[in-house]
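What follows is a set of notes on a single structure, which appears directly below.
The values are calculated or read from the model by the stated rules, or taken from the named source; none is laboratory data. Source: prediction; values computed, not measured. Please note: Cβ atoms are built from the backbone with ideal geometry, for glycine as well, and neighbour counts cover all protein chains shown.
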Amino acid sequence: MSGRPPRWYVTLARLVRAVWGSSLPLRVIIMTMVASIFVLLLGGFVYLNQAKNDLVEAKKQASVVEARGALYRMQNQLDDTDLGSDSLLERLGQLASEVGSQPSQFSVMIETAASSYMSRGLQSDSVPDELREALAADVEGVYVTLTQVRYTDGTAEPAVVVGGHLFAPSGQAFPVYFIFPASTEQQTLHMLQRDLVSTGVLLMICLGVISYVIAREITKPLRTTGEVAGRIAAGDLDQRMKVKGTDELASLATSMNNMAGELQHQIGRLEDLSRVQQQFVSDVSHELRTPLTTMRMATEVLHESLDSFSPQLARSVELLHDQEERFESMLGDLLEISRFDAGAADLTTDDIDLGDLVEAEMHAQQAMAAAVGSELVLHRTGPCVVEADARRVQRIVRNLLSNAISHGEHRQITLTVAGDLRAVALTVRDYGVGFEPEQADQVFRRFWRADQSRNRIVGGTGLGLAISLEDARLHNGWLEAWGRPGEGAQFRLTLPRNQQIVLGSSPLPLEPTGRELVAGQPGTPSHQDGIQP
């Protein structure tokens, strides 16, 4: 697709971002090196450009001075010559050879209308046209410029060309060019470049070492802070940082220690409060057992004598009997919750078939479901053996099924059991009132109800789902909920095949799809793939 970057570019960008964000010292070193390279390149460019300009200007000035002196000597020699036109041209050639052959480090070229006289094998195109035009416009002046001089042997080198005129006794002017090679200056520039590069490389190495030492020194307290914070988070609340000096790092260590101390104090208070609360719940639950036993004996006696009571009194005895059973169930749940809070809950594991356990619990609650008009349907796919505590898993299934019956609005309730190599799962789907998506975590809170004005159909204690969640966690499993208002809810229990397996996925989806969204609605035929109790 056009407009999308290539895959290698995306991979490289991710790698760069990962490396960049992996280490603070690395970022400090890279930023220091990049800034240093930029400064060195800028400084080197300015320095070399200035050095080049100074060398060129000095070469031009020295060349002009030496050219003027040579031109003066050649003019004197020519003025002393009284020759015809042929001998004049021959004399000009002699002057070019004589002056250009002297150890003055320059070459000479004299142009006439017929030909050019050159020394040292120069080519005539070594002189720029701009210089020729300037001399043609001003025969009295001396001009200088840079050029690339070429020789007849094919070699070339940078040079400074100074141009002037020789005047014959007859007044005729002949352009004269003095060519000063600049190879020495070019070598000087190359030497400066090499020195600058070697100095820059050495400086970069030094800056890299210095930035690494500085970054390590700065980030060392940060690493120590992270380690101390990690140990505090792991439960070692006595950890503290060493405070040295009065700088910003010392202030950070002091603040960290103050925070750790305050955190330790607050956690201690919460632990004390939690212990008091747990002890209170446990004590109250135990103390209520004695009067509850007496009440139960009394209600049982009254319940057995219902036939001898008036209808109003019989109804009161039935309500008293039901509420006493609910009260007893609530006390049992409170004791179980207190065990979870105290960390005293444990597992007694054995190999069980989740499908058989679910089927047995469905038969146990069939009468309750029929009483409210709900149809229970089970779908299972072969044996689903799991290493678990049968009592706790049965309690989870009982609570999920009771919750579905209570909120199913007299519609079908579908249970599905499936497994894979690593886990087994159970989903309980009802088509009742449901709940908002953001309430999926709140349904497991103690005594929470989506609709506070709604009465519990089956008389639950409000602690069943909270206990079920703790039971699932005790098995290293998951208990999750999905719901939509008016579409019902689905709860999913996922248990690992054994306690050594860490769950990564579930054999069943949490959110129902397709026909599962509408199955069980009034007037909609239900499809059954398994057992209907």
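Things worth noting here:
- Unmet requirement for H475, which otherwise passes all of (1) in contact with a Ser or Thr (Cβ under 7 Å, 6 or more places away or on another chain); (2) modelled with pLDDT of 85 or more: (1)
- Residue-level analysis places L510 among those that are surrounded by fewer than 19 Cβ atoms within 10 Å (Cβ to Cβ), closer than 21 Å to A388 by Cβ and modelled with pLDDT of 90 or more.
- Of all residues in the stretch 404-419, those satisfying the criterion of being polar (S, T, N, Q) and under 18 Å from P512 (Cα atoms) are Q412, T414, T416.
- Close Cβ contacts (under 8 Å, 6 or more residues apart or on different chains) running from residues in the stretch 123-143 that are exposed (fewer than 11 other Cβ atoms within 10 Å of the Cβ) to residues that are among the hydrophobic types (A, V, I, L, M, F, W, C) and assigned to a helix (DSSP H, G or I) are absent.
- Selection over the stretch 146-165 of residues that are buried (at least 23 other Cβ atoms within 10 Å of the Cβ) and either outside the structural domain of R132 (by TED's automatic domain parsing) or farther than 18 Å from T184 by Cα (or both) gives a count of 2.
- Scanning the stretch 190-203 for residues that are of a type in the set (A, V, I, L, M, F, W, C) and either more than 60 Å from the chain's Cα centre (by Cα) or surrounded by fewer than 17 Cβ atoms within 10 Å (Cβ to Cβ) (or both) turns up M191, L192, V197, V201, L202, L203.
- The residues of the stretch 464-506 that are among the hydrophobic types (A, V, I, L, M, F, W, C), closer than 15 Å to Q439 by Cα and in contact (Cβ under 8 Å) with a residue 60 or more places away in the chain, listed by number, are L465, A466, L479, A489, F491.
- Per the listing P175, P169, the residue uniquely in a strand (DSSP E or B) and of a type outside the set (A, V, I, L, M) is P175.
- Residues in the stretch 420-469 that are at pLDDT 90 or above, touching a Gly at 6+ places or on another chain (Cβ under 6 Å) and in a loop (DSSP other than H, G, I, E, B): Y431 alone.
- F178 aromatic (F, W, Y), buried (at least 16 other Cβ atoms within 10 Å of the Cβ) and over 60 Å from the mean Cα position of the chain (by Cα): yes
- Verdict on N76 being closer than 30 Å to L196 by Cα, in the same structural domain as V144 (by TED's automatic domain parsing) and either within 60 Å of the chain's Cα centre (by Cα) or at pLDDT below 85 (or both): no
- Residue in the stretch 268-280 that is aliphatic (A, V, I, L, M) and either surrounded by 12 or more Cβ atoms within 10 Å (Cβ to Cβ) or assigned by TED's automatic domain parsing to the domain that holds V160 (or both) present: no
- Per this entry, T184 is counted among residues that are under 30 Å from A159 (Cβ atoms), assigned to a helix (DSSP H, G or I) and assigned by TED's automatic domain parsing to the domain that holds L146.
- Screening E387 on (1) part of a strand (DSSP E or B); (2) surrounded by fewer than 14 Cβ atoms within 10 Å (Cβ to Cβ); (3) among the acidic types (D, E) shows it passes everything except condition (2).
- Residue that is modelled with the highest pLDDT [pool: residues in the stretch 87-128 that are touching a Leu at 6+ places or on another chain (Cβ under 9 Å) and over 22 Å from Y72 (Cβ atoms)]: P128
- Lone qualifier among R7, R14 - being loosely packed, with under 10 Cβ neighbours inside 10 Å, in the same structural domain as V213 (by TED's automatic domain parsing) and out of contact with any Gly (no Cβ under 9 Å at 6 or more places or on another chain): R7
- For the stretch 17-38, a residue qualifies if it is of a type in the set (G, A, S), exposed (fewer than 12 other Cβ atoms within 10 Å of the Cβ) and part of a helix (DSSP H, G or I), and exactly one does: A18.
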